[in-house]
Amino acid sequence: MTITLPREYLEHDLLTRGMAMSETHRTIDAVWRIESARVIAGLARIVRDVGRAEELAQDALVAALEQWPRDGVPKNPGAWLMATAKHRAIDLVRREQVLARKVQELGHEIETGGANPEPDIDAALDDDIGDDVLRLVFTACHPVLSTEARVALTLRMLGGLSTKEIARAYLVGESTIQQRIVRAKRTLADAKVPFEVPAANERPARLASVLEVIYLIFNEGYSATAGDDWMRPTLCEEALRLGRVLAGLAPQEPEVHGLVALLEIQASRATARTDSAGEPILLLDQDRTRWDQVLIRRGLAALEQAEALSAEVPGDDRGPYTLQAAIAACHARATTPPDTDWARIASLYDALADVVESPIVELNRAVALSMAHGPAAGLDLVDTLTDNPALKAYHLLPSVRGDLLAKLGRYDEARAEFERAATLTDNAREQALLRERVDACARGEAPTR
């Protein structure tokens with residue numbers, strides 16, 4: 001007997017299954033974001049090649065996409081991904097071991113330095129995964145790679161973002177990001193970069209490279225350098241997550257906690273930085289009741305930890321991220337703009353300038369001086385930076401100078417600075433804000449924002 005189901009039932013059944021599959025795919029995406037770094041890191045220790053490790057992890061992801069919609073999401077999806085990838089790694093290593101033995105049998109001499117038992121691959125993959133992730137962090141951010149390559153590889157391997165997502169975040173072609181990642185993995189392989197936590201004498205420089213990458217990712221999300229959006233929250237969230245992971249992996253490093261403190265406090269302002277139309281709202285104009293107090297408390301706690309760890313090292317002062325976090329904390333503690341302790345901020349910038357020789361730090365110090373001691377004091381410092389080649393194309397130099405000139409009533413000069421700043425930025429929102437300032441100065445009025 002043949003039973004024919006009504007057409008409406010079939011359509012409903014297909015729709016239901018489609019919705020279930022879509023939900024499964026969303027689950028797989030979320031699991032991958034969380035677990036991919038752990039899986040890649042565990043594999044990289046075995047195959048000693050981050051590029052090959054990522055390929056094996058991707059194979060496990062493909063298996064999940066094929067099996068989970070059919071069989072259901074496993075109770076422990078992260079363990080399933082690791083186990084699947086682990087089996088593929090074991091097969092790969094054993095195939096290579098068989099090949100090596102066959103080469104020996106053919107008469108090739110292999111320098112072994114004595115009899116070595118075959119490694120227990122299963123046991124090795126079950127070691128502390130936290131150490132593996134830390135190794136992956138240092139490998140993906142190795143100084144042998146360009147800054148762009150380090151950022152792309154970190155977002156890919158530690159963030160679990162696809163090349164399409166990274167390309168969208170940075171407003172470049174997907175093929176460009178793919179090429180960066182491929183070249184980065186090839187560079188690591190050609191340079192024979194070891195998959196390890198660097199030795200103590202190398203660690204400060206290598207850690208600085210890691211922190212720089214995370215901070216660059218956050219900054220691009222916090223103040224987009226190009227495009228129509230003032231912010232790109234996905235990058236901020238990813239940088240903050242990576243910073244928290246790193247703090248858990250390297251809990252005795254004060255600058256790691258300093259960076260986390262800085263990111264937490266800056267991220268707390270995210271919802272207050274734009275209006276309902278997406279237009280930017282500058283710091284002193286923000287509604288501080290919209291600042292996320294949970295993130296502020298977390299940031300202040302991380303800052304306290306960073307300062308405590310710095311104090312434990314004889315003769316070791318606070319590092320640049322800890323000092324920047326202390327500056328951000330001054331803003332976070334002020335319930336209204338007039339409550340801001342600008343004198344302390346200026347002194348913190350003095351300390352930061354002693355640690356980091358940077359014209360951008362000097363430019364920020366000039367802003368703090370202007371707030372603490374008047375616009376003329378800030379302008380004097382800014383004027384010493386106008387010929388600095390590093391700031392030649394930096395739009396915030398003429399923007400800050402224009403702001404200080406406007407506060408002194410020198411509107412024609414200020415207008416020229418704002419016009420120049422607008423030509424130097426590729427961010428549409430920022431260009432519009434600067435054009436508003438140009439118009440205000442043309443009317444002989446101080447810009448309102």
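The values are calculated or read from the model by the stated rules, or taken from the named source; none is laboratory data. Since the structure is predicted, the reported quantities are computational estimates derived from the model, not experimental observations. Methodologically, a virtual Cβ is constructed for each residue, glycine included, from the backbone with ideal geometry; neighbour enumeration extends over all protein chains shown.
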*When only residues in segment 367-390 that are surrounded by fewer than 14 Cβ atoms within 10 Å (Cβ to Cβ) and within 31 Å of the chain's Cα centre (by Cα) count, which is modelled with the lowest pLDDT?*
Ala390
*buried (at least 21 other Cβ atoms within 10 Å of the Cβ), at pLDDT below 90 and assigned to a helix (DSSP H, G or I): does that describe Leu188?*
no
*Within segment 307-322, is there a residue that is surrounded by fewer than 20 Cβ atoms within 10 Å (Cβ to Cβ) and under 23 Å from Cys236 (Cα atoms)?*
no
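Is there a residue being in contact (Cβ under 8 Å) with a residue 60 or more places away in the chain and under 26 Å from Glu264 (Cα atoms) anywhere in segment 372-382?
No, segment 372-382 contains no residue that is in contact (Cβ under 8 Å) with a residue 60 or more places away in the chain and under 26 Å from Glu264 (Cα atoms).
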*Within the group Thr448, Thr386, Thr423, which residue is hydroxyl-bearing (Ser, Thr, Tyr), on the phi < 0 side of the Ramachandran plot and assigned to a helix (DSSP H, G or I)?*
Thr423
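Can you name every residue in segment 395-412 that is acidic (Asp, Glu) and either exposed (fewer than 14 other Cβ atoms within 10 Å of the Cβ) or in contact with a Ser or Thr (Cβ under 7 Å, 6 or more places away or on another chain) (or both)?
Taking segment 395-412 and keeping what is acidic (Asp, Glu), we get 403, 412.
Across segment 395-412, the qualifying residue is only Asp412.
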_Members of segment 128-172 found to be at pLDDT below 90, surrounded by fewer than 20 Cβ atoms within 10 Å (Cβ to Cβ) and in a loop (DSSP other than H, G, I, E, B), listed by number_ = Asp128, Ser162, Leu171, Val172
_Residue pairs, Cβ under 6 Å, 6 or more apart or interchain, first in segment 328-339 and under 12 Å from Arg288 (Cα atoms), second modelled with pLDDT of 95 or more and assigned to a helix (DSSP H, G or I). List them._
Ala332/Ile265; Ala332/Ile296
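Filter segment 35-75 down to residues that are more than 23 Å from Leu134 (Cα to Cα) and within 29 Å of the chain's Cα centre (by Cα) and give me whichever is surrounded by the fewest Cβ atoms within 10 Å (Cβ to Cβ).
Of everything passing the filter in segment 35-75, Val62 is surrounded by the fewest Cβ atoms within 10 Å (Cβ to Cβ).
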*Any idea how many residues of segment 389-401 are assigned to a helix (DSSP H, G or I) and not polar (S, T, N, Q)?*
8
